[in-house]
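Undergrad: To start, I am sharing the structure in question, which I have written as structure tokens.
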Amino acid sequence: MADSPAPLAARPSRRALVLGGVAGAAGVVLTACSSDPDPGSREPASPGGLTPDVAVATRALAEIQAVREAVAATVARFPASRPEIGSLVALHRAHEATLVDAVPERARPSTAPAPYAVPRKREKALSVLATREQRLHDTLDGLAMRAQSGQFARLLASMGSSIHQRLATWPA
């Protein structure tokens, strides 16, 4: 007789899985930042002396911050867009908060990026922003494939999925 699936009440909720993955991945990434008592037991560090997952986290953080700034600038220029896209700022801030402790100070950019130039017409601004969000989704998916930690890969994939869900309801 085949095993029957667990009753619904016994299955963890999607939220519990995501929150558990975030907490676990943050711990894994933070562990990668600590000193390794046996440096010969791990793979060589990536360029800049960062472990591979810390390098991935650094790239993810930079990409998320750049897109968050683009969304914020677009909302500032077109305040009527706030109900449609304003929640993206909070989404990206939450993703940043998850990654920021995993990225050592020395790996963060020392200068602020150039300000985002918002297109003059609202429709064009939303179109360009949608393209940037899609690129961020694709980047996070690619970084998830490069992550060595399974938990960290799931975290990045989850971040990409949340962006993909927002793109499905993007204003026309």
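Undergrad: Label segment 86-172 by shape, choosing from rounded, prolate and oblate, from the square roots a ≥ b ≥ c of the eigenvalues of the Cα gyration tensor; if a/c is under 1.5 it is rounded, and otherwise prolate applies when a/b is larger than b/c, oblate when it is not.
TA: oblate
Undergrad: Taking neighbour Cβ counts within 10 Å as the exposure measure, how do Arg68, Arg135 sort from fewest upward?
TA: Arg135, Arg68
Undergrad: How do Glu63, Glu96 rank when sorted from fewest to most other Cβ atoms within 10 Å of their own Cβ?
TA: Fewest-to-most ranking of Glu63, Glu96: Glu96, Glu63.
Undergrad: Another question, then. Could you sort the peptides 154-164, 110-120 by per-residue average Cβ neighbour count (10 Å cutoff), highest mean leading?
TA: 154-164, 110-120
None of the figures in this text is laboratory data; all of them are computed from the coordinates on show. Model, not experiment: these values are computed from the prediction. Counting neighbours? That spans all protein chains shown, and the Cβs are built from the backbone with ideal geometry, glycine included.
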